[in-house]
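Student: Just passing along the structure, written as structure tokens.
The values are calculated or read from the model by the stated rules, or taken from the named source; none is laboratory data. Predicted model only: the values in this text are computed from it and were never measured. Glycine gets a Cβ as well: all are built from the backbone with ideal geometry, and neighbour counts include every protein chain shown.
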Amino acid sequence: MPIQNHISKLTLTNFRNYAALTIDLAPGAVVFSGDNGAGKTNLLEAISFLTPGRGLRRAPYADVAREGGDGGFALHAQLDGPDGQVEIGTGIAGGDTAGEGGRRVRINGASARSAEDMLEWLRVVWLTPAMDALFTGPAADRRRFLDRLVLAIDPGHGQRAIDYEKAMRGRNRLLTEGSRDDRWFDAIETQMAETGVAIAAARAEMVRLLAAMIDRLPDTGPFPQADIGLSGDLEAEIATAPAVDVEERFRRTLIEGRDRDRAAGRTLEGPHRSDLVVRHRPKAMPAELCSTGEQKALLVGIVLSHARLTGEMSGMTPILLLDEIAAHLDSGRRAALFSILEELNCQAFMTGTDAALFSSLKGRAQFLTVDHGVIGPTI
Ligand SMILES: Nc1ncnc2c1ncn2[C@@H]1O[C@H](COP(=O)(O)OP(=O)(O)OP(=O)(O)O)[C@@H](O)[C@H]1O
Ligand SMILES: [Mg+2]
């Protein structure tokens, strides 16, 4: 595995409970431990802003800005890697509390055209306790997870999703207004067909590659092999038909669905309704019927296989943010996770209230204690 870009220094200003913080970080595993409410997840959230999107909590920017601050927040990361140092800064200015202008991104001191530019330097993927219900919860959460996995492999995916959403919002507006302006509908639906099929194709490709990667890994590991698939008309069609044909079919579906969608007040068919379908292979069981720990192990397995895939494809293994990762894993699985992370040679941030759960990493990881906004080495 090549040496990866890693975050060597992180500076936070008015970010959640941190008024001003600078920490030096090591490559490899980093463990943040501390009491409830100490600020561990906030650190991971800050790092999650180093990839496009709203971060691991999907919080409004106004909530991210520190209570009692000036309404803005900033974070700054220094990356070190094979090509030297890179500086990435992002945040919103005070007074822009709604974050309407979006957060700004600067790379090496210059304004980035868009947040996607960060993907040139690093990829970030996370697992949080909120995702423990990924397999049993709403499809929208699984779609978001899926699209984040696609984004790490295919940086153009974020813009496609934005373009599709924008077009769909336009169509939904026409629908709720009861518009019968066919020319407008035609124009918007053509855009939806183009971007929608591109989204479906990227998802299908990622799932195909990830499934192949999962097959390559030994099936006796502590993280069970997952059978992954997609449910969604476009994703199914794109596997066998040329994209132009699928586009044309989707466009016709939208045209024919106008009356039905007008009655519903929204677009009822498209890649915004697709789902990620996961099965526990050794048990031949749908993921949602597995135990809490089994679901967690499946999810960890998927994320680790994906990290390996991303590393092989892009030369950049994602930085992993594993919040409360030890909570549902038994000691055997924890040890296995640590050794896989080491083998992947990526920077992995892990949190827990109890540093003892990570004791087998002693000497192989950076241990930091988080104590209400103050961070120091764990003793
Ligand atoms: N905008 C904000 N301004 C100031 N403090 C905030 C802001 N948002 C959240 N906090 C506080 O930050 C603190 C730390 O939150 P965080 O979620 O990082 O804790 P944690 O260490 O992960 O705890 P746990 O172990 O319970 O998950 C909380 O007390 C929270 O109320
Ligand atoms: Mg937390």
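Student: Among the candidates Asp147, Asp117, Asp181, Asp186, which residue alone is among the charged types (D, E, K, R) and either buried (at least 20 other Cβ atoms within 10 Å of the Cβ) or closer than 17 Å to Val300 by Cα (or both)?
Tutor: Residue meeting the stated conditions: Asp147.
Student: Looking at region 107-124, which of its residues are in a strand (DSSP E or B) and either at pLDDT below 95 or aliphatic (A, V, I, L, M) (or both)?
Tutor: Once the filter is applied, which keeps residues that are in a strand (DSSP E or B) and either at pLDDT below 95 or aliphatic (A, V, I, L, M) (or both), region 107-124 yields Ile107, Ala110, Val124.
Student: Give region 324-348 a look and list any residue that's over 18 Å from Ile47 (Cβ atoms) and in a helix (DSSP H, G or I), or say none.
Tutor: Ser331, Gly332, Arg333, Arg334, Ala335, Ala336, Leu337, Phe338, Ser339, Ile340, Glu342, Glu343
Student: Can you list residue pairs whose Cβ atoms sit under 9 Å apart, with the first residue in region 161-185 being not assigned by TED's automatic domain parsing to the domain that holds Arg262 and the second being modelled with pLDDT under 95 and buried (at least 17 other Cβ atoms within 10 Å of the Cβ)? Count only pairs 6 or more apart in sequence or on different chains.
Tutor: No pair meets every condition.
Student: Any residue in region 69-87 that is crowded, with 16+ Cβ neighbours inside 10 Å and within 16 Å of ligand 2 (Cβ to nearest atom)?
Tutor: So far as region 69-87 goes, no, none of its residues is crowded, with 16+ Cβ neighbours inside 10 Å and within 16 Å of ligand 2 (Cβ to nearest atom).
Student: In the list Thr317, Thr378, which residue meets the criterion of being of a type in the set (Ser, Thr, Tyr) and within 16 Å of ligand 1 (Cβ to nearest atom)?
Tutor: Within the list Thr317, Thr378, the selection yields Thr378.
Student: Right, something else. Out of Pro82, Pro52, I need the residue that is under 21 Å from the mean Cα position of the chain (by Cα) and in the same structural domain as Gly373 (by TED's automatic domain parsing). Which one?
Tutor: Pro52
Student: Please enumerate the residues belonging to region 7-21 that are away from ligand 1 (no atom under 16 Å from the Cβ) and closer than 18 Å to Val64 by Cβ.
Tutor: Thr11
Student: Out of (1) part of a helix (DSSP H, G or I); (2) under 15 Å from Ala211 (Cα atoms), what's the single condition that is false for Ala297?
Tutor: Checking Ala297 against (1) part of a helix (DSSP H, G or I); (2) under 15 Å from Ala211 (Cα atoms), the one that fails is (2).
Student: Evaluate the following for Ile162: is it of a type outside the set (Gly, Ala, Ser) and part of a helix (DSSP H, G or I)?
Tutor: For Ile162, the condition - of a type outside the set (Gly, Ala, Ser) and part of a helix (DSSP H, G or I) - is met.
Student: Mind checking which residues of region 22-34 are within 16 Å of ligand 2 (Cβ to nearest atom) and part of a loop (DSSP other than H, G, I, E, B)?
Tutor: Gly34
Student: Something else about it: Residues to consider are Ala212, Ala201; find the one that is surrounded by 14 or more Cβ atoms within 10 Å (Cβ to Cβ) and of a type in the set (A, V, I, L, M).
Tutor: Of Ala212, Ala201, the one residue that is surrounded by 14 or more Cβ atoms within 10 Å (Cβ to Cβ) and of a type in the set (A, V, I, L, M) is Ala201.
Student: For Glu269, are the conditions met, namely being part of a helix (DSSP H, G or I), in the same structural domain as Lys296 (by TED's automatic domain parsing) and at pLDDT 95 or above?
Tutor: Against the criterion (part of a helix (DSSP H, G or I), in the same structural domain as Lys296 (by TED's automatic domain parsing) and at pLDDT 95 or above), Glu269 does not qualify.
Student: Can you tell me which residue among Gly301, Gly293 is touching a Pro at 6+ places or on another chain (Cβ under 8 Å) and touching a residue at least 24 places away in the same chain (Cβ under 8 Å)?
Tutor: Being touching a Pro at 6+ places or on another chain (Cβ under 8 Å) and touching a residue at least 24 places away in the same chain (Cβ under 8 Å) holds for just one of Gly301, Gly293, which is Gly301.
Student: Let me ask something else about it. Return the residue satisfying two criteria in turn: it lies in region 35-50 and is in contact with a Gly (Cβ under 9 Å, 6 or more places away or on another chain) and outside any helix (DSSP H, G or I), and of such residues it is farthest from ligand 1 (Cβ to nearest atom).
Tutor: Restricting to residues being in contact with a Gly (Cβ under 9 Å, 6 or more places away or on another chain) and outside any helix (DSSP H, G or I), the top hit is Phe49.
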